[in-house]
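The structure appears right after this line, and notes come after that.
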Amino acid sequence: MSDGEIVIREGPVDEEDENIETISLNPHAQVCLQQLLRVWLGFERDLSTVPLIRRIDLGTYTVDDHLCFLRNLRQQVIEGSRWIARTASSFDSEYSEIRSRIIQHAMDEHKDYELIEKDYIASGGDLEDIQGMSKNVGSEALHGFLMYRSSRPNPIDLLGAMWIIEGLGEKMASSWAERIQELTGLGEDSTRFMAYHGHNDEDHMQLFYEMLEVVCISQKSVDIIVKTAKVVARLYRLQLEEIEYEIK
Amino acid sequence: MPVYITSTGCFLPGPPINSEQVENILGAVNGRASFLRVQIQKANKIKTRHYAIDENQQTTHSNVEMATNAAEQCLDRAFISREQIGMLAVASTQGDYPAPGMASMVQAELELPSIEIISTHGICSSSTMALKAAWNSLRLKEHDAALVVSSELASRMLKKQRYEAATESTFAEKKIDFNTEFLRWMLSDGAGALLLQNKPSPKGLSLRIDWMKGYSHAHAFPTCMSVGSSGKIGETKTWQDYDSYAEAERQGALLLRQDVRLLDNIVRMGVDGYLRLVEEGINKPSEVDHFLCHYSSHHFKNKILEMLEAAGVAIPQERWWTNLYTRGNTGAASMFIMIDEFMRSSDVQVKEGDRILCFVPESGRFNTTYFHLTVVSA
């Protein structure tokens with residue numbers, strides 16, 4: 001037998017000895033996580049209908065597509081650290097632990113756009129072009145919504161926004177970065193921003209669960225977190241759909 | 001009107017074939033052993049499977065014969081005469097004839113007179129479609145009993161001659177063409193049958209069908225598993241658009257292909273449908289005693305399963321049951337073959353009141369189907 005080391009038995013499936021850490025969430029946080037998973041899975045599925053992303057799936061994505069993608073992405077990333085910082089400042093002392101985590105997160109990411117600029121140059125683009133780009137219609141809507149929500153007191157619903165945006169960062173790293181290199185013939189230096197976001201993913205999930213456990217303690221909190229995740233998912237997709245208008 | 005599965009049957013052609021012997025049956029393409037066989041077999045963990053072709057790639061059982069054999073076994077075990085059957089539903093990825101529908105051919109073999117028939121077409125989930133059509137017919141009191149059969153003869157598409165003839169395909173061009181070879185070491189042959197009635201069997205255990213749901217996501221995703229396209233980037237022709245079938249075959253448009261890169265989406269959509277059913281209060285994971293899944297559990301050994309656990313809706317591993325590793329992945333037939341053996345197996349004590357969740361995902365263009373059974377006695 002070629003697969004001699006694999007023990008398979010008839011009947012109940014083989015349980016592999018993986019160390020899945022048990023996370024104990026309160027019942028509201030559990031329901032919230034179930035719904036956030038669905039929002040994410042629907043978002044991810046619908047991304048496949050966005051023409052630019054479809055070309056990654058179908059294998060027809062080009063260098064021009066990549067330059068266009070990066071030009072549009074940069075604006076959102078610059079604005080990203082702003083709403084995260086605003087979110088931190090809107091939490092009062094009751095949430096001081098959450099506040100420090102979010103400040104740290106804003107610190108970590110607030111200069112990420114420089115990485116995109118470097119990727120853009122490595123992909124054959126001019127720095128002036130990407131720096132001179134203004135926000136597309138979708139980025140305007142997304143940023144406007146995030147700044148509005150993050151300016152409200154104790155904006156716990158922004159956890160829903162982080163869920164979508166962090167999830168996408170992970171997807172860029174695991175599904176898009178290498179595929180884009182393969183399709184375009186560009187080097188690793190063209191997708192450093194995308195690849196970078198796959199790091200420390202396990203830690204991010206753990207942190208997310210911990211925050212969810214603290215803030216999601218009622219049906220009302222479930223509802224606002226999920227609602228914000230839905231709005232962010234829709235506006236993020238709009239932002240990616242709007243890239244096509246630049247191509248045309 | 002409650003509907004029950006009152007009898008089951010299955011047919012697996014020939015002896016069990018272990019992983020090392022598979023290439024002897026399907027044949028080494030151009031006399032060269034595959035670079036990918038061991039790797040793909042290790043990943044799918046299937047230990048033995050069956051083929052309806054022999055070592056010379058000659059067909060030993062037609063698809064209709066296999067379907068008929070499974071149906072005969074199911075009827076032999078039933079407590080009703082075959083005259084009481086009002087409907088025959090048959091599912092397969094590819095019947096012996098492209099036309100007419102396979103149900104016509106199976107009906108003829110079974111000599112079931114003047115019944116209603118339905119042939120469902122698709123891949124793995126076509127069996128759920130056939131089951132649902134029959135279930136609905138009984139619920140509407142159109143019939144008192146219906147026979148549902150699913151049979152697959154994939155090996156005819158996977159034999160070496162198919163690949164040798166594809167001289168201008170991606171398979172011929174590339175040194176390693178994972179997408180074209182993937183299913184060659186994954187799929188095998190077999191058939192399963194279920195008898196549906198409007199009352200439980202007078203003896204032994206029956207399975208009440210509580211609900212059946214399906215969610216297809218073809219609107220969003222490209223095709224993932226298919227026959228009919230050359231698989232070359234930008235190619236829009238399908239097999240009948242070529243001047244001759246020989247040309248379609250040369251271009252690789254008749255090879256079974258899986259876009260492996262898209263495959264994860266079926267796990268994701270499977271979880272989405274599962275959570276949707278939780279949200280709608282239909283699926284109650286904590287009440288499920290047995291989970292029969294057409295996918296092997298190790299495909300779910302990823303972050304999504306961890307998240308389901310964190311979200312409090314995972315089904316513990318000890319409640320999962322499969323015979324995929326010993327009977328092979330027989331596509332549409334798998335779930336019926338699984339239900340048949342599950343009800344007869346001595347290693348699980350199935351008892352009255354047990355609740356069974358069945359999940360059949362289809363990667364073709366991302367269809368996910370679910371149904372729920374409760375064990376009842378007369």
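Each reported figure results from applying straightforward, stated rules to the coordinates on display, with no laboratory input. A quick note: this is a predicted structure, and the numbers were derived from the prediction, not measured. All Cβ positions, even for glycine, are placed from backbone atoms using ideal geometry, and neighbour counts span all protein chains on display.
Structural remarks
- Within straight-line cross-link reach of B:Lys351, aspartates and glutamates at Cα separation under 12 Å, skipping those fewer than 8 residues along the same chain: B:Asp289
- Sequence-distant residues sharing a close amide H with B:Thr322 (under 5 Å, placed H): A:Gly11, A:Val13
- When each of B:Asp189, B:Asp289 is scored by the number of other beta-carbon atoms lying within 10 Å, the sequence from fewest to most is B:Asp289, B:Asp189.
- Pairwise centroid distance, computed over Cα atoms, of segment B:216-282 with segment A:136-154, Å: 38
- Chain B: most fluctuating residue of B:Gly27, B:Gly231, B:Gly204 per GNM, C-alpha cutoff 10 Å: B:Gly204
- Beta bridges per DSSP with both ends in the protein assembly as shown, % antiparallel, nearest 5: 70
- Reciprocal of mean inverse Cα separation for segment B:58-105 (Kirkwood radius, Å): 12.1
- Each of A:Gln181, A:Ile217, A:Gly169 was scored by the projection of its Cα onto the charge dipole of chain A, and the greatest displacement toward the positive side belongs to A:Ile217; charges sit on the C-beta of Lys, Arg, Asp and Glu.
- Taking amide H as placed 1.01 Å from N in the peptide plane, the amide H of B:Leu255 sits under 5 Å from that of B:Gly228, each at least 5 places away or on another chain.
- Summing charges over all other residues whose Cβ lies under 14 Å from the Cβ of B:Ser334, with Lys and Arg as +1 and Asp and Glu as -1, gives -3.
- 3J(HN,Hα) along segment B:211-227, derived from phi through the Karplus expression 6.51 cos²θ - 1.76 cosθ + 1.60 where θ = phi - 60°, amounts to 7, 9, 9, x, 9, 9, 10, 4, 5, 9, 10, x, 5, 10, 10, 7, 10 Hz, with x in place of Gly and Pro.
- Alpha carbon centroid spacing (whole Å) that separates segment B:101-178 from segment A:41-63: 31
- Summing charges over all other residues whose Cβ lies under 9 Å from the Cβ of A:Leu41, with Lys and Arg as +1 and Asp and Glu as -1, gives +1.
- Computed from the Cβ-Cβ distance with R0 of 25 Å, the FRET efficiency linking B:Ser81 to B:Trp211 stands at 0.25.
- Radius ratio Rg over Rh of segment B:4-205, counting only Cα atoms, Kirkwood formula for Rh: 1.04
- Set A:Lys220/B:Lys213; B:Lys174/B:Lys237; B:Lys213/B:Lys237; A:Lys227/B:Lys132; A:Lys171/B:Lys132 screened for pairs whose C-alpha atoms are more than 26 Å apart: A:Lys220/B:Lys213; B:Lys213/B:Lys237; A:Lys227/B:Lys132; A:Lys171/B:Lys132
- Debye-formula intensities of chain A, expressed as log10 I(q)/I(0) at q = 0.09, 0.14 Å⁻¹, are -0.44, -0.96 (one equal scatterer per alpha-carbon, no solvent).
- Rounded to the nearest 20, the size of the Cβ-charge dipole of the protein assembly as shown about its Cα centre is 1160 debye, with Lys and Arg at +1 and Asp and Glu at -1.
- Simple Cβ-charge dipole of segment B:143-266, Lys/Arg +1 and Asp/Glu -1, about Cα centre, in debye nearest 20: 460
- Using alpha-carbon coordinates, inclination of helix B:334-344 to the longest axis of chain B, degrees: 40
- Cα-based equivalent ellipsoid of segment A:163-219: semi-axis lengths in Å, sorted from largest, via gyration tensor: 31, 10, 6
- Relative exposure of A:Leu127, A:Leu25, B:Leu194, judged by other C-beta atoms within 10 Å (fewest first): A:Leu127, A:Leu25, B:Leu194
- Whole-Å semi-axes of the ellipsoid equivalent to the protein assembly as shown (Cα gyration tensor, √5λ, descending): 46, 31, 21
- Rounded to the nearest 10 degrees, the angle from helix B:126-139 to the longest Cα principal axis of chain B is 20 degrees.
- Compactness index (Cα Rg / 2.2 N^0.38 Å), segment B:27-145: 1.33
- Segment B:352-378 and segment B:306-348 have Cα centres separated by 10 Å.
- Segment B:4-205, dipole about Cα centre (Lys/Arg Cβ +1, Asp/Glu Cβ -1), debye to the nearest 20: 780
- Chain B - mean residue ellipticity at 222 nm from DSSP helices (-39,500 (n - 2.57) per run, n ≥ 4, rounded to 500): -8000 deg cm²/dmol
- Counting DSSP beta bridges with both ends in chain B, the antiparallel % (nearest 5): 70
- Rg to Rh quotient for segment B:265-378, alpha carbon positions, Kirkwood Rh: 0.94
- Amide H within-cut-off set for B:Thr120, under 5 Å, with H built and near neighbours excluded: B:Val90, B:Ala91, B:Ser92
- Distance distribution note for chain B: the fraction of Cα pairs above 37 angstrom is 18%.
- Overall dimensions of segment B:79-181 as given by Cα atoms, namely Rg and Dmax in Å: 18.2, 57
- All Cα pairs of segment B:136-191, percent lying beyond 14 Å: 66
- For GluC sites (Glu not before Pro), the sites in segment B:279-369 that DSSP calls loop and that have at most 13 other Cβ atoms within 10 Å are B:Glu280, B:Glu352.
- Only helices enter this figure: runs of n ≥ 4 DSSP H residues, each worth -39500 (n - 2.57), summed and divided by the residues of chain A, yield -22500 deg cm²/dmol at 222 nm to the nearest 500.
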